[in-house]
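Colleague: Here it is, the structure, as structure tokens.
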Amino acid sequence: MVSFLESVNEKPFRAKQIGEWLWKKGASRFEDMTNLSVSLRAALDAHFSFQAADIEEEVKAGDGTVKFVFRLHDGQKVEGVLIPSAGRTTACISSQVGCPLRCAFCATGTMGFIRQLHYAEIFDQYRLINDKSLANFGKPLSNIVYMGMGEPLLNYDNVMRSVEILTAPWGQQLSPSRITLSTAGVAPAIRRLADDGFKAGLAVSLHCADELKRAKLMPVTELHPLKTLQEALSYYHSKTNERITIEYLLLNGLNDSTDDARKLWEYCKPFPVKINIIEYNATGDKFAPSPAYRLEAFVNYLTNKNMVVNIRRSKGKDAQAACGQLVQKRLKTEN
Ligand code: SF4
């Protein structure tokens with residue numbers, strides 16, 4: 001940008017002004033950049049174009065949760081969700097079109113990987129959902145979770161750049177503590193996060209602490225075995241001193257026995273965790289939710305071990321705790 005500005009005889013500081021229009025004020029047209037001269041705006045318009053995402057579809061659930069389908073400049077689509085809850089408004093955003101990890105319980109995985117999202121496309125989801133939050137609830141987004149479509153740590157550079165935009169003084173100035181990145185367990189990238197001084201929250205979609213069973217549910221386990229993941233999480237904690245959120249989708253007869261709970265407890269011993277137990281809302285006949293008595297026994301086992309456990313029950317709220325297509329499916333069943 002600076003070299004372009006020089007080529008049209010503009011001062012380099014204009015780049016900072018343009019950056020603030022893009023990332024602080026969320027402009028999506030050069031003509032809105034009113035502290036730039038008319039001639040510079042025209043030059044920008046002649047040389048650059050916006051490839052902004054648009055909302056193609058909006059589906060509201062009974063509890064106020066809104067799912068959005070975003071259309072990207074090349075016609076691809078991703079999803080995001082606006083989740084209102086007591087005292088906060090949360091956006092769940094996507095990091096990839098499709099996902100290469102093919103978790104057995106997730107419809108996004110069946111799409112396969114289509115392409116990475118550019119950091120501006122990730123930011124666009126935030127920008128559009130924030131506008132909706134202001135319009136629907138009269139307040140901006142308070143929290144952002146990277147739990148939509150895709151595996152954020154397989155799009156590391158774009159995701160990190162988008163987090164920088166959301167937290168920078170020249171961007172949205174959100175506190176990093178309001179942002180959570182969720183991974184299926186890409187161990188080397190978790191180590192990289194620790195080395196890069198990542199300040200936002202980290203959630204791991206563990207869903208099972210038994211190697212063979214997890215590999216069936218989440219093939220990523222074959223690439224990054226549980227032991228490797230555990231070592232990466234220990235390393236992450238040693239560098240950041242942060243507690244790690246463990247997401248655990250409870251599936252009847254698959255990962256919900258007290259022996260599974262014991263394995264989960266054992267697995268999490270090396271670092272402090274908060275466990276989010278997610279009740280599965282059946283969307284087909286492949287998996288079924290755990291009955292109440294099994295859920296209760298599972299949770300009781302963990303709480304008796306003094307673990308911090310939350311149960312995601314509400315259909316709107318639990319959208320925070322799962323990957324993208326589960327959200328889509330839930331909302332579809334509600335409308
Ligand atoms: S659950 Fe998440 S990581 Fe797994 S396939 Fe779905 S989007 Fe990808």
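Colleague: Got a number for residues in the range 3-58 being touching a residue at least 12 places away in the same chain (Cβ under 8 Å), closer than 20 Å to Gly171 by Cβ and of a type in the set (Asp, Glu)?
Modeller: Here the count works out to 1.
Colleague: Condition first: among the small types (Gly, Ala, Ser) and without any contact (Cβ under 8 Å) to a residue 40 or more places away in the chain. Now tell me which residues in the range 138-173 satisfy that.
Modeller: Matches in the range 138-173: Gly138 only.
Colleague: Which pairs do you get when a residue that is closer than 14 Å to Val299 by Cα and among the hydroxyl-bearing types (Ser, Thr, Tyr), found in the range 266-277, comes within reach of a residue that is at pLDDT below 95 and surrounded by fewer than 22 Cβ atoms within 10 Å (Cβ to Cβ), reach meaning Cβ atoms under 6 angstrom, with the pair 6+ apart or on two chains?
Modeller: none
Colleague: If a residue has to be more than 18 Å from Asn155 (Cα to Cα) and either buried (at least 17 other Cβ atoms within 10 Å of the Cβ) or not assigned by TED's automatic domain parsing to the domain that holds Leu166 (or both) to count, how many in the range 216-228 make the cut?
Modeller: Number satisfying all stated conditions: 4.
Colleague: Looking at the structure I just gave you, is Leu72 within 23 Å of Gln51 (Cα to Cα), away from the ligand (no atom under 15 Å from the Cβ), among the aliphatic types (A, V, I, L, M) and surrounded by 22 or more Cβ atoms within 10 Å (Cβ to Cβ)?
Modeller: no
Colleague: On to the next question. Considering only the range 80-88, I want to know if a residue exists there that is within 16 Å of the ligand (Cβ to nearest atom), in contact with a strand residue (DSSP E or B) (Cβ under 7 Å, 6 or more places away or on another chain) and free of Cβ contacts under 8 Å to residues at least 60 places away in the same chain.
Modeller: no
Colleague: Right, another one. Mind telling me which of the residues Ala187, Ala209, Ala200 ends up being over 18 Å from Pro272 (Cβ atoms), assigned by TED's automatic domain parsing to the domain that holds Lys239 and modelled with pLDDT of 95 or more?
Modeller: Within the list Ala187, Ala209, Ala200, the selection yields Ala187.
Colleague: Sticking with this structure for a sec: Condition first: surrounded by fewer than 21 Cβ atoms within 10 Å (Cβ to Cβ) and within 16 Å of the ligand (Cβ to nearest atom). Now tell me which residues in the range 229-244 satisfy that.
Modeller: Within the range 229-244, none qualify.
Colleague: Quick one: which helices (runs of 4 or more DSSP H) sit completely within the range 143-255 and have at least 1 residues that are under 19 Å from the mean Cα position of the chain (by Cα) and of a type outside the set (Lys, Arg)?
Modeller: Of the helices (runs of 4 or more DSSP H) lying wholly inside the range 143-255, those with at least 1 residues that are under 19 Å from the mean Cα position of the chain (by Cα) and of a type outside the set (Lys, Arg) span 156-167, 187-195, 220-223, 226-240.
Colleague: Within the range 209-222, can one find any residue that is out of contact with any helix residue (DSSP H, G or I) (no Cβ under 7 Å at 6 or more places or on another chain) and more than 28 Å from Ala107 (Cβ to Cβ)?
Modeller: no
Colleague: Could you check the range 103-137 and list, in sequence order, the residues that are in a helix (DSSP H, G or I), over 30 Å from Ala288 (Cα atoms) and either within 13 Å of the ligand (Cβ to nearest atom) or not hydrophobic (A, V, I, L, M, F, W, C) (or both)?
Modeller: Hits for the range 103-137 are Tyr119, Glu121, Asp124, Gln125, Tyr126, Arg127, Asn130, Asp131, Lys132, Ser133, Asn136.
Colleague: Do we find a residue being hydroxyl-bearing (Ser, Thr, Tyr) and closer than 30 Å to Pro219 by Cα anywhere in the range 115-131?
Modeller: Yes; the residues of the range 115-131 include at least one that is hydroxyl-bearing (Ser, Thr, Tyr) and closer than 30 Å to Pro219 by Cα.
The values are calculated or read from the model by the stated rules, or taken from the named source; none is laboratory data. In this text the structure is predicted, and so the values were computed from the model without any measurement. For neighbour counting, all protein chains shown are included, and Cβ atoms are generated from backbone atoms with ideal geometry for every residue, glycine included.
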